[in-house]
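The values are calculated or read from the model by the stated rules, or taken from the named source; none is laboratory data. These figures come from a predicted structure and were not determined experimentally. All Cβ positions, glycine included, derive from the backbone under ideal geometry; neighbour counts span all protein chains shown. To get the accessible areas, we keep the full protein, side chains included, count just its heavy atoms, and leave off ligands, DNA and RNA. Shrake-Rupley method; radii C 1.70, N 1.55, O 1.52, S 1.80 Å.
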Amino acid sequence: MISIIIPIYKAEPYLRECLESVQKQTYKDFEVVCINDGSPDNSSAICQQFVDIDDRFRLFNQENGGVSSARNKALNEVRGEYVCFVDSDDVIEPHFLEHLVGLANDGAFAVCSYSRSLSEVTSTATKISEYNAKDFIHHILNESIEHPNICMMLFKNSIIQAKQLNFTVGCVRNEDTEFYMKYLVNETKVRVSDYKGYYYRDNENSAAHMFNVKSLTFIEADERISNFLIQNEIITEDNHIVPASVQYFVYQTARQGNKELYDYIHEHYDVKQMMMKMTSFPRLTRKGVAYCYLILRKSLFYLIISKL
């Protein structure tokens, strides 16, 4: 059985469509663990309608604690052999679970793709790739493959429970990457499909689009990832994980004209040192941004990038 975890907060406009897409799965052996994270709208009532007609759906209500808290609550309630995560404003294609189970049929860690356009969601794959799990981690860190999303993965519940894996409460950005990186250390083989069975709704009100001090929990998560991977001898101390995060936020806050957060980052991180480190990053675009910053320096870099 697959346990589908759906954290819910202010999801009323899209929740029914999401739950209906789960209900239409061709793979029928699943349960849905809905966690209403103190949502002030009618999300809980919508979930309850599904619970009343389909015993595979379960609803738990809690005070608002954030997505990490909601997912942790669900991990304590799941009963399936596998676990997957679906966001409450997204949609999954009818063969989504069936495809992931097929990828994982010999014990591999299954990963598929996604689309930001509902019209591009497909029911078939054209390419399937296999990786050693540790190599897969390095490909992600080096950005030599598309950065995967936790909602396109099928996790083994036995590993989650044995390693007591959970999400860092209070982390509002990159908490999902931290979770699956810590999980991947316990896997051996990864199978990746280009099947776009997941529709990721690009919600402009989501945390991913809101740049404030809390957004920098992204960097804090990468600091924990770096330390964890060093401790497990996956990477060395000489790595790009944190510098890449700092570079991303320096560039994005400049691009958005967010001078306050741009200055805040410079006050809390050695940006110059981070950019010097990024000149050795494998991707040319990353190198280019680093060299531009080092040549232009803080003020002129902000001025130019904010005008783009």
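If you fit an axis through the alpha-carbon atoms of helix 284-305 and take the longest principal axis of the Cα set of the chain, what angle between them do you get, 0 to 90°, nearest 10?
70
Does region 90-184 come out rounded, prolate or oblate by the C-alpha gyration tensor, with a ≥ b ≥ c the root eigenvalues, rounded set by a/c under 1.5 and, if not, prolate when a/b is larger than b/c and oblate if not?
Rounded.
I want to make sure I understand the PRE zone here: with the label point 7 angstrom from the Cα of GLU223 toward its beta carbon, which residues in region 241-255 have backbone N atoms less than 17 Å away?
Within reach of a label on GLU223, which here means backbone N under 17 Å from a point 7 Å along Cα→Cβ, region 241-255 contributes 241-250.
Which percent of Cα-Cα pairs in region 1-124 sits in each 5 Å bin, short to long?
2, 11, 22, 24, 20, 14, 6, 1, 0
Could you give log10 I(q)/I(0) at q = 0.24, 0.32 Å⁻¹ for region 153-207, computed by the Debye formula over C-alpha point scatterers of equal weight, without solvent?
Cα-only, vacuum Debye calculation for region 153-207: -1.10, -1.25.
Just how many % of Cα pairs in the chain lie over 23 Å apart, if you round to the nearest whole percent? It would help to have the intermediate numbers written out before the result.
On the way: 27992 of 47278 pairs.
Roughly 59 percent, once rounded to a whole number.
Which of ALA45, VAL78, SER21 sits farthest toward the positive end of the charge dipole of region 4-100, with +1 on the Cβ of Lys and Arg and -1 on the Cβ of Asp and Glu?
The listed residue farthest towards the positive side: VAL78.
Where in region 113-146 does the label zone of GLU98 land, with the point 7 angstrom along Cα→C-beta and an amide N cut-off under 12 Å?
So the set is 123-124.
Could you work out how far helix 43-53 tilts from the main Cα principal axis of the chain, as a 0 to 90 degree angle to the nearest 10?
30
Quick check: pseudo-label points 7 Å beyond the Cα along Cα→Cβ at LYS214 and ILE304, how many nm apart are they?
3.5
So which of LYS10/LYS163; LYS134/LYS156; LYS24/LYS196; LYS127/LYS287; LYS24/LYS163 end up more than 22 Å apart by C-alpha? Walk me through the intermediate numbers first.
Values: LYS10/LYS163 32 Å; LYS134/LYS156 17 Å; LYS24/LYS196 17 Å; LYS127/LYS287 30 Å; LYS24/LYS163 32 Å.
From the list (LYS10/LYS163; LYS134/LYS156; LYS24/LYS196; LYS127/LYS287; LYS24/LYS163), the Cα-Cα distance tops 22 Å for LYS10/LYS163; LYS127/LYS287; LYS24/LYS163.
Just to confirm, what accessible area per residue do you get for region 164-252 at 1.4 Å probe, in whole Å²?
On the way: 3850 Å² over 89 residues.
Ligands and nucleic acids excluded, the result is 43 Å² per residue.
Given a Förster radius of 45 Å and the C-beta distance between ASN76 and ILE295 as r, what FRET efficiency does 1/(1 + (r/R0)^6) yield to the nearest 0.05? Walk me through the numbers on the way to the answer.
On the way: r = 51 Å, r/R0 = 1.14.
E between ASN76 and ILE295, to the nearest 0.05, is 0.30.
Treat each spin label as a single point 7 Å out from the Cα along the C-beta direction, and report the THR26 to SER158 distance in nm.
Each label point is offset 7 Å from its Cα along the Cβ direction, giving 2.7 nm.
Please work out the FRET efficiency for the pair GLU146 and GLU17, using the Cβ-Cβ distance as r and a Förster radius of 30 Å; give the result to the nearest 0.05.
0.75
Using a ≥ b ≥ c from the Cα gyration tensor of region 126-274 (square roots of the eigenvalues), is it rounded, prolate or oblate, where a/c under 1.5 gives rounded and otherwise the larger of a/b and b/c decides, a/b for prolate? Don't skip to the end; give the middle numbers.
Working: a/c = 1.78, a/b = 1.45, b/c = 1.23.
Prolate.
Let's see if you can work this out: charge +1 on each Lys and Arg Cβ, -1 on each Asp and Glu Cβ, no other charges. What is the dipole magnitude of the chain about its Cα centre, in debye to the nearest 20?
Values: 32 positive and 41 negative charges, 192 e Å.
I would put it at about 920 debye.
Counting only protein heavy atoms and using a 1.4 Å probe, what share of the accessible area of the chain belongs to carbon plus sulfur, as a whole percent? Intermediate results must be reported in sequence, preceding the final value.
Values: 6910 of 14390 Å².
The computed percentage sits at 48.
What are the semi-axes of the equivalent ellipsoid of region 17-79, taken as the square roots of 5 times the eigenvalues of the Cα gyration tensor, listed largest first and rounded to whole Å?
Working: eigenvalues 79, 41, 18 Å².
Over the Cα atoms of region 17-79, the ellipsoid semi-axes are 20, 14, 10 Å.
Between GLU130 and ASP270, how many nm apart are label points set 7 Å from Cα along the C-beta direction?
So the two model labels end up 4.4 nm from each other.
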